[in-house]
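Enquirer: For reference, the structure I am asking about is given below.
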Amino acid sequence: MSAAYPDAPAGAALLAVARQSLLDEVAPALSGRQRYVLLMAANAMGIVLREIEQEGAAAEAWARVLGVLSAEGDAAEGDAAAPAALVAAIRAGRCDGDAALHAALVETTRIAAGIWKAPG
C-alpha cells in the first residue's frame, strides 16, 4: 500500500504484475530483437523490484558503514562527503583490520549483488 494512497496497491506490486504479464503473455509471441528488447526491459523491472524490496536493508547496512566511519572520526554520519571519506580512509590504510567495517561492507555488497543478479 502507498502512504499517499492507502487504498491503492503498492507500486512494487503493480510493477511485479506488469513484469510477469509481459513475460507470460507477450514474450512467447515475440522472436528475435523484439523478444530480446522485452526480456531486457523485464530484467530491468526485476532489478527495480529487488531494489524496492531491499531498500530498507540497504539503507541500514550503509548506515552501519557510515557509523563505523564516523566513530573513527573520518566523517559524520549523514555527511554527503562520507563516501569519499570512506574511500580515502581505506586507501590510507586507516581501516585495515576493522572487523566492524569489514562486516558492514560485506553486507552492503551482499545486498547489492542480490539486487543486480537475477534469481536463478
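The values are calculated or read from the model by the stated rules, or taken from the named source; none is laboratory data. Quick caveat, the model's predicted, so the values are computed rather than measured. A quick note on method: Cβ atoms are made from the backbone with ideal geometry, for glycine too, and the neighbour counts reach across all protein chains shown. Note: areas computed on protein heavy atoms with side chains; ligands, DNA, RNA excluded. Shrake-Rupley method; radii C 1.70, N 1.55, O 1.52, S 1.80 Å.
Enquirer: Look at R91 and say whether it is under 29 Å from G11 (Cα atoms) and modelled with pLDDT of 90 or more. Explain how you work it out, then say what you get.
Expert: Details: under 29 Å from G11 (Cα atoms): no; modelled with pLDDT of 90 or more: yes.
No: the conditions fail for R91.
Enquirer: Restricting the first residue to the stretch 85-97 and requiring it to be under 10 Å from L69 (Cβ atoms) and open to solvent by 70 Å² or more (accessible area, probe 1.4 Å), which pairs with a second residue that is modelled with pLDDT of 85 or more and among the small types (G, A, S) meet a Cβ separation below 9 Å and a spacing of at least six or different chains?
Expert: That search, which allows pairs on different chains as well, returns R94/A88.
Enquirer: Which of (1) modelled with pLDDT under 90; (2) over 30 Å from A42 (Cβ atoms); (3) surrounded by 15 or more Cβ atoms within 10 Å (Cβ to Cβ) is the odd one out, the single condition W62 does not satisfy?
Expert: (2)
Table: residues versus (1) touching a strand residue (DSSP E or B) at 6+ places or on another chain (Cβ under 7 Å); (2) at pLDDT 95 or above; (3) more than 30 Å from V87 (Cβ to Cβ).
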| site | (1), (2), (3) |
| --- | --- |
| D7 | no, no, yes |
| A29 | no, yes, yes |
| Q54 | no, no, no |
| A75 | no, no, no |
